[in-house]
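S.K.: My structure is below; once you've seen it, I'll send some questions.
Bear in mind these aren't lab numbers, they're just calculated from the coordinates by the rules spelled out. The shown structure was predicted, so the numbers you read here are calculated from the model rather than taken from an experiment. Here the Cβ positions follow ideal geometry from the backbone for every residue, glycine too, while neighbour counts run over all protein chains shown.
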Amino acid sequence: MEWLVDTAGHQKSLSDYLRIAVDDVPLRIIRDVIRTRNAKVDDIRITGDPILKAGQKLTVYWPKTYLQTLNTCMPPIVYEDEHILVIDKPYGLMSQSESSHAVGNNALDLIRNALNQREIPPETCVLCHRLDVMTGGLLLFAKDADSAEAGLSAFENRDIEKIYTCDVKGCPAQAHAVLEAWLRKDERAAQVSVTDYPAHGAVPIKTGYRILKSGENARLEVELFTGRTHQIRAHLAHIGHPILGDDKYGDRMLNRRLGLRHQLLWATRMTFHTSGILAYLNGKSVETVYPYGKQTDCGG
């Protein structure tokens, strides 16, 4: 797991920083990481409990015994047929692992294991798109090679409409809008920036929203017309309405005041506009419930 230390983490010890950044990890696990030197700062393995500086890259390798206790239960299946399977991914679960340190602790491995128990060849299961680790909601898998090709193509061609629900700081002035801007990704910092004008290395983005509930903090339904890294989080923050619980792009002090430790963003609806082997799904919507049902206001 990686972080870029921000100004709020500046001058904190590694143990103190981890206790805040991942407050659901037991202190004994953090102490074990430090004792076994299973963390790196700027790609250098740590000794002791160093003080962190803003801008440093922090990499932590959690003990495999601990990883096996995380999100190892099969996520709820929202829809399934002979070709596809849609789950409701919990926040904190990776869509797909790219690290040997987290084998089994990701949605794809969990689904493949479940299919294997049903005597369905696990290697034929393909993840058709991804959600950020801290974004929960609908995640689509194909169960055979032809469906995988069709599913991947459908997402690439925007033939599957993705709708998200989120709670944001404040309330937009317009009840609904389609926002257009440019997004630039900083690979080293593992984050993006949004501008209202073209910039070197930036790509155009388009994000639609409508207000579901207004108030001191609003609830929005968001549609992605383009699918860029952290697009919803960064675009809403750019217009002054960051997602509640999002410390990377949002208001950390407000999040702490509200007692929020993770972002209130969920992929709640997926509508198919598909053809070919998935033509039978054309017009079908798959939905899940937004789990943060109580609206979050600064007063409580």
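S.K.: Identify the residues of segment 130-149 with backbone N under 16 Å of a label point that sits 7 angstrom from the Cα of Glu156 along the Cα-to-Cβ direction, or state none.
M.R.: Inside the label zone: 130, 142, 145-149.
S.K.: Given the convex hull of the Cα atoms of segment 77-157, what is a quarter of its surface area in nm²?
M.R.: With every direction weighted equally, the projected area is 5.2 nm².
S.K.: Okay, moving on. Where does the longest stretch of the chain lie that holds no GluC sites (Glu not before Pro) found in a DSSP loop with 13 or fewer other Cβ atoms within 10 Å?
M.R.: Maximal segment without exposed cleavage sites: 217-300.
S.K.: When the convex hull of the C-alpha atoms of the chain is computed, what volume per residue in Å³ does it have?
M.R.: Roughly 140 Å³ of hull volume per residue.
S.K.: Got a sec? How would Trp266, Trp3 order by Cβ neighbour count within 10 Å, fewest to most?
M.R.: So the ranking, lowest neighbour count to highest, is Trp3, Trp266.
S.K.: So, one more: For a footprinting-style exposure proxy, rank Met74, Met94 by other Cβ within 10 Å, fewest first. Walk me through the numbers on the way to the answer.
M.R.: Details: Met74 13, Met94 21.
So the ranking, lowest neighbour count to highest, is Met74, Met94.
S.K.: Just want to confirm a number: the relative contact order over the chain, from Cα pairs under 8 angstrom separated by 6+ residues, in percent.
M.R.: The value is 14 percent.
S.K.: Which of the lysines could be linked to Lys143 by a straight reach, that is with a Cα gap under 24 Å, when you skip same-chain ones fewer than 8 residues away?
M.R.: Output for Lys143: Lys89, Lys162, Lys284.
S.K.: When the chain is treated as a GNM, springs tying every alpha-carbon pair under 10 Å, which of Ala173, Ala181, Ala145 comes out with the largest mean-square fluctuation?
M.R.: Ala173
S.K.: Within segment 144-232, list the chymotrypsin sites (Phe, Trp or Tyr not before Pro) lying in a DSSP loop whose Cβ has at most 16 other Cβ atoms in a 10 Å radius.
M.R.: Phe225
S.K.: With runs of 4+ DSSP H residues as the only contributors, calculate the mean residue ellipticity of the chain at 222 nm using -39,500 (n - 2.57) per run, divided by the residue total and rounded to the nearest 500.
M.R.: -5500 deg cm²/dmol
S.K.: Divide, for segment 2-62, the radius of gyration over alpha carbons by 2.2 N^0.38 Å, where N is the residue count.
M.R.: That works out to 0.97 for segment 2-62.
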